[in-house]
Amino acid sequence: MNAKETKLKGCYILEPNVLKDERGYFFESYNENKLAEIIGFRPNFVQDNESKSSYGVIRGLHMQTGEFAQAKLVRVLEGKVIDVAVDVRKGSATFGQHIAIELSAENKRQLFIPRGFLHGFSVISDAATFFYKCDNFYNKESEAGILYNSPELNIDWQIESGKEIISEKDLKLPSFDSISRS
């Protein structure tokens, strides 16, 4: 597995070694020891989640707070997405900065996102199946998020204008400016 830390300390892009032959392919999608060596600690993943979405869907930007904060290991099983992580760790040198990377069934990349980050993705193929591991259980009361198109972040979701599909709940989230002042 090849790993590269992004400009956001603690966020890593992971690329597996894919073995291909006339039968198809094989790769190791998760190895606890290798991930611990890369990120510097051993995550205890306790929950797996999967979603399927069509072109234009933007999910995010979300996070869990407090004792229910979550680190995530995300990947795409079908299709293609733009995956986004935003650093909201108080006192971080990269607070308010984001990364946006393409994850796809074809490139098989994964992104490790530590606790203290907002996360979201947009579907840029006809459909996408998105899969992720979490190191803490979901807790509704600990949900937090910001509006996907907060101008302060200037995120390029790579969705044609007017084709965005956003949940009513996500459209009601506050802008990034409201949390950056608190």
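The values are calculated or read from the model by the stated rules, or taken from the named source; none is laboratory data. Keep in mind it's a predicted model, so treat the numbers as computed, not measured. Heads up, the Cβs are rebuilt from the backbone with ideal geometry, glycines too, and the neighbour counts pull from every protein chain shown.
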Worksheet item: Is there any pair linking a residue in the stretch 148-171 that is touching a residue at least 12 places away in the same chain (Cβ under 8 Å) to one that is among the polar types (S, T, N, Q) and outside any loop (DSSP other than H, G, I, E, B), with Cβ under 6 Å and at least six apart or on different chains, and which?
Response: W157/S122; I159/S122
Practice prompt. Among residues belonging to the stretch 68-94 that are touching a helix residue (DSSP H, G or I) at 6+ places or on another chain (Cβ under 8 Å) and not in a strand (DSSP E or B), point out the one that is surrounded by the most Cβ atoms within 10 Å (Cβ to Cβ).
Written response: V88
Discussion item. Take E143 and tell me if it is more than 17 Å from the chain's Cα centre (by Cα) and not β-branched (V, I, T).
Written reply: no
Fill in: the stretch 5-37, residues that are within 11 Å of L73 (Cβ to Cβ), touching a residue at least 12 places away in the same chain (Cβ under 8 Å) and in a helix (DSSP H, G or I)
L35
Practice prompt. Quick one: L14 ticks every box in (1) closer than 29 Å to K140 by Cα; (2) surrounded by 12 or more Cβ atoms within 10 Å (Cβ to Cβ) except a single one, so which number is it?
Written response: (1)
Worksheet entry | Residues of the stretch 43-57 satisfying the condition of being crowded, with 16+ Cβ neighbours inside 10 Å, at pLDDT 95 or above and in contact with an Asp or Glu (Cβ under 6 Å, 6 or more places away or on another chain) | F45, Y55, G56
Worksheet item: Any idea which residue in the stretch 83-94 is nearest to P114 (Cα to Cα), counting only those that are out of contact with any Gly (no Cβ under 9 Å at 6 or more places or on another chain) and modelled with pLDDT of 95 or more?
Response: T94
Worksheet, complete the sentence: Subset of the stretch 118-170, residues within 18 Å of V46 (Cβ to Cβ) and outside any helix (DSSP H, G or I), comes to H119, F131, Y132, K133, C134, D135, N136, F137, Y138, N139, E143
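To keep it simple, each residue is scored yes or no on (1) surrounded by fewer than 16 Cβ atoms within 10 Å (Cβ to Cβ); (2) at positive phi.
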| site | (1), (2) |
| --- | --- |
| K108 | no, yes |
| F112 | no, no |
| G120 | no, no |
| A127 | yes, no |
| K133 | no, no |
| N136 | no, no |
| E143 | yes, no |
| D156 | yes, no |
| I165 | yes, no |
Worksheet entry | Selection status of T65, of a type in the set (S, T, Y), out of contact with any helix residue (DSSP H, G or I) (no Cβ under 6 Å at 6 or more places or on another chain) and surrounded by 12 or more Cβ atoms within 10 Å (Cβ to Cβ) | no
